[in-house]
1. Among the residues of region 70-103, write down those that are surrounded by fewer than 17 Cβ atoms within 10 Å (Cβ to Cβ), of a type in the set (A, V, I, L, M, F, W, C), more than 22 Å from residue 22 (Cβ to Cβ) and in contact (Cβ under 8 Å) with a residue 24 or more places away in the chain.
2. Please determine, by comparing only the residues of region 8-63 that are part of a loop (DSSP other than H, G, I, E, B) and under 20 Å from residue 103 (Cβ atoms), which one is most open to solvent (accessible area, probe 1.4 Å).
3. Tally the residues that are open to solvent by 10 Å² or more (accessible area, probe 1.4 Å) and in a helix (DSSP H, G or I), restricting the search to region 111-139.
4. If residue 154 passes every condition in (1) at pLDDT 95 or above; (2) over 30 Å from residue 102 (Cα atoms) but one, which one does it miss?
5. Looking at (1) farther than 24 Å from residue 76 by Cβ; (2) in a helix (DSSP H, G or I); (3) open to solvent by 20 Å² or more (accessible area, probe 1.4 Å), can you tell me which one residue 166 breaks?
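The values are calculated or read from the model by the stated rules, or taken from the named source; none is laboratory data. As the structure is a prediction and not an experimental result, all values here were calculated from the model. In this analysis, Cβ positions are derived from the backbone assuming ideal geometry, glycine residues included, and neighbour counts consider all displayed protein chains. For the accessible areas, the whole protein counts, side chains as well, though only heavy atoms, and no ligand, DNA or RNA atoms are used. Shrake-Rupley method; radii C 1.70, N 1.55, O 1.52, S 1.80 Å.
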Amino acid sequence: MRLRRWFIPQEPDVLGLLRGQLAITIEGLDALAAGAGGEREAAGIVRDAEHRGDVAKRELLEAIRDSFVTPIAAEDLFALSRGIDWILNHSRDLIEEAEAMGRAPDPGIGEMATLLAEAARRIDDALRLIAADPDGATAAADAAVAAERRLEHVYFQGMAGLLDEPEMRERIARRELYRRCSHIGELMIDVAERIVYAVVKES
């Protein structure tokens, strides 16, 4: 009797695709920090990263749809991808808002963007470890939250400094840009906490 051989298709590397999307977001955050330091090409890099991030998100969602089994729940992959996408979208929006108001990002925004990029790198560590070392993934997610808490300190310092700004339009513009950075930090915490939730569900 002839034996029929069945071949199971290779599963897409959904975590690899998610980390690829995150890598693009980190590029955007690094460029945001560089722009605050005077890098003239930074705005274009952030915009390009935002477009590439959208493509990476679509590729990941297609891979999730085609997967039989995923290392973490599909709903968690979707939520993480969406959160990472929002981080990059709001980084692009910060650039757009700064240009609309005629205000270049200042050193305070540069410091916050640097901390956002650090937090994103800790998120990447967590995703790298999530399947093989859940405790390590949780520790990395906690480190991302700690970086964001340092961002909050910079934010409060910057907002306090605005009290000494005599020009009202400058004060209002800086306040809005600082708030945008703070909101991106909140989105980063959401991503980190979703990783912790995914670990808890799988344990």
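1. Residue satisfying the conditions is 101 alone.
2. Out of the qualifying residues, it is 40.
3. Count: 15.
4. All conditions are met except number (2).
5. (2)
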